[in-house]
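Notes for the one structure printed next.
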Amino acid sequence: MEERIKAIFDCVVNGDNKGIQAEVETALAEGVNPSAILNEGLIAGMGEVGRLFEEGEFFVPEMLIAARAMKSAMAILKPHLGSGEVGAAGKVIIGTVKGDLHDIGKNLVGLMLEGAGFQVVDLGSDVPAEKFVAATQEHAPNVVAMSALLTTTMVNMKSTVAALEEAGLRDKVKIMIGGAPVTDAYASQIGADGYAADASRAVALAKSLTA
Amino acid sequence: MAKSLFLERLAAGKPLVLDGATGTNLQTRGLPVGTPSDFWVMDNPEAVLALHRDFVEAGSDLILTNTFGSSRVHLGHAGLAERFEETNRLAVALARQAAETAGVMVGGSLGPLGEMVEPLGSLAEADAQAEYAAQAHLLAENGVDVLVIETQFDLIEARAALRGVRFATDLPVVVSFSYDRGTRTMMGVKPAQMVQVFSELGVAAVGINCGRSVEENFKVLQEVRALTDLPVWFKPNAGLPLTNPDGSLYYSVTPDLMGEQARSWLAAGANLVGGCCGTSPSHLRAIAQVVKGQ
Ligand code: B1M
């Protein structure tokens, strides 16, 4: 069991997309606990990738292929996760704000939220405020989650909050934000309900906001 | 190939002074954070012209057009694709207007497309090449002296960019990378890879612009110089942005310090020197004084 999880962890770190699918299938067939696969294999593996990136050992290509491997593993794992039906924890719409094409972090947050039982509607990147509003009207989510990686696009989080307010939707949803230049102080400044520094904290935050 | 003023000046052997930052300086002059600096070519051309003039006055021998993000791809994301020709044409005219009197040269700035090229991203290499060709065509047609493919991080995109530029014009080309992970680019490209690939492709100079710190940029300069006889373009950023209590930004390296360091850039063999993000006209003046005083 330990070995299976270690193999999955390694597949994430090495970005082995084929290998990870086989490993996850085998682990599930052998009865390895799905949430252990998620937490100790995938999430821990992605944490290691993040660490290697920070240390200058990994660069963007390694990060991207690791995220791809994690995504295909999640697709296999999702139906087995003990979090009940998909969406049991609540519904989240997520996107990277207008003008910003960085989606690696946002995708990770989305994957981890799914892993934790949230139904996630991903609006993609470069998402204008109107699209957040329209999606909120259409999907009636519990949480609107925004990501931004540029100091020049952070401000579009503020205009999205304002647009939700304008549309009379502000008190129907919780708003959470994240991304490298974003801070807790910025979240309060623009009237968001919370900020998370990384994907695991984003899950904890979404849970607390919907509790 | 027609005679090139840029190549002549470069061949004369004296180091040339480039310009400083566009975006961060326009921000201190009122460009709202969140608005790309390229937009001011159309919305506030007086401010763009004034900044060009400040650099010329501070001692630039070559200034760059405010077209870093004026590819069709970038403008398209902002819903401004139909103004592609207009903004590139006007940007060259503004730079030319500032350069004219002083006999200063104009470089056409071409920044990354902002989307990743295949296989990691979804932009096809041929499309990337065509986008660079289209913008280079406009810049050349409107009268720049040299094209500068700058702040690159991916060998595939930069190579496509060079092919595109070559397709559009015979003007000389500089290719400059941003080593913002220390001495590697965000994609992991090493100085040696840049030198190897682009010296074989016959660029007029290879370059280093923007990164984490002046010191790390300098290390890259030393590495590059050791590997090639090509002219080296060097535009480090004035350190990293720090936040004032009121939320406005300032850069950690002062003009004096930048001027001080410019001495070592020349000693290390840089041939074209200026600054990137955070480099104000005062920083540039300090650099120019060192270069011209040599
Ligand atoms: C809703 O709740 C939440 C909660 C938590 C949330 C959250 C939401 N969102 C994120 N989190 C958090 O959880 C995640 C997981 O732990 C974390 O997500 P992160 O996204 O922080 O972390 C990811 C897992 C890994 N990190 C990343 O994916 C970002 C890595 C770096 C290298 C980066 C990349 C990869 C890219 N880039 Co760009 N890029 C850089 C980055 C430099 C760096 N070293 O970080 C940065 C962000 N880029 C920058 C720049 C300037 C640019 N980039 C650009 C383009 C690109 C690529 C396309 C090449 C590529 C993006 C590919 C993609 N599909 O995402 C351009 C802009 C394009 C655009 N309009 O968006 C361009 C403008 C470059 C250019 N000249 O064209 C800089 C921003 C400077 C600034 N402060 O404004 C930059 C810091 C690099 C630098 N040193 O200068 C947390 O922040």
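The values are calculated or read from the model by the stated rules, or taken from the named source; none is laboratory data. All figures in this text were calculated on a predicted structure; none of them were measured in a lab. Every residue, glycine as well, gets a Cβ built from its backbone with ideal geometry; the counts of neighbours run over all protein chains shown. Areas reflect the complete protein model, heavy atoms only, side chains present, ligands, DNA and RNA absent. Shrake-Rupley method; radii C 1.70, N 1.55, O 1.52, S 1.80 Å.
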>> in contact (Cβ under 8 Å) with a residue 24 or more places away in the chain and either of a type in the set (D, E) or near the ligand (Cβ under 8 Å from one of its atoms) (or both): which single residue out of A:E57, A:E138, A:E62 fits that description?
In response: A:E62
>> Out of A:S208, A:S159, I need the residue that is open to solvent by 20 Å² or more (accessible area, probe 1.4 Å) and within 14 Å of another protein chain (Cβ to nearest Cβ). Which one?
In response: A:S159
>> On the basis of being modelled with pLDDT of 95 or more and on the phi < 0 side of the Ramachandran plot, does B:L62 make the cut?
In response: yes
> Counting only residues that are more than 14 Å from chain A (Cβ to nearest Cβ), hydrophobic (A, V, I, L, M, F, W, C) and closer than 25 Å to A:E62 by Cα, which one in the range B:176-209 is nearest to the ligand (Cβ to nearest atom)?
Replying inline: B:I208
> Of the conditions (1) more than 14 Å from every other protein chain (Cβ to nearest Cβ); (2) open to solvent by 20 Å² or more (accessible area, probe 1.4 Å); (3) more than 19 Å from A:H102 (Cα to Cα); (4) modelled with pLDDT under 95, A:L28 fails just one. Which one is it?
Replying inline: (4)
>> Name the residue that is nearest to A:L205 (Cα to Cα), counting only residues in the range A:125-156 that are open to solvent by less than 20 Å² (accessible area, probe 1.4 Å) and within 13 Å of chain B (Cβ to nearest Cβ).
In response: A:A148
>> Suppose we filter A:I93, A:I76, A:I37, A:I43 for residues that are surrounded by 16 or more Cβ atoms within 10 Å (Cβ to Cβ), in contact with a strand residue (DSSP E or B) (Cβ under 7 Å, 6 or more places away or on another chain) and either among the hydrophobic types (A, V, I, L, M, F, W, C) or more than 20 Å from A:V121 (Cα to Cα) (or both); which single one remains?
In response: A:I93
>> Take the residues in the range B:21-33 that are open to solvent by less than 30 Å² (accessible area, probe 1.4 Å) and assigned to a loop (DSSP other than H, G, I, E, B); name whichever of them is farthest from the other protein chains (Cβ to nearest Cβ).
In response: B:A21
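Could you grab me the full set of residues in the range A:168-198 that are part of a helix (DSSP H, G or I) and open to solvent by 20 Å² or more (accessible area, probe 1.4 Å)?
A:R170, A:D171, A:K172, A:D184, A:A185, A:Y186, A:S188, A:Q189 - these are the residues of the range A:168-198 that are part of a helix (DSSP H, G or I) and open to solvent by 20 Å² or more (accessible area, probe 1.4 Å).
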> Out of the residues in the range A:52-73 that are more than 12 Å from every other protein chain (Cβ to nearest Cβ) and not hydrophobic (A, V, I, L, M, F, W, C), which is surrounded by the most Cβ atoms within 10 Å (Cβ to Cβ)?
Replying inline: A:K71
> Quick one: in the range A:98-110, which of the residues that are more than 10 Å from every other protein chain (Cβ to nearest Cβ) and closer than 15 Å to A:V144 by Cα is most open to solvent (accessible area, probe 1.4 Å)?
Replying inline: A:N107
> All but one of (1) surrounded by fewer than 23 Cβ atoms within 10 Å (Cβ to Cβ); (2) away from every other protein chain (no Cβ under 13 Å) hold for B:F55; which doesn't?
Replying inline: (1)
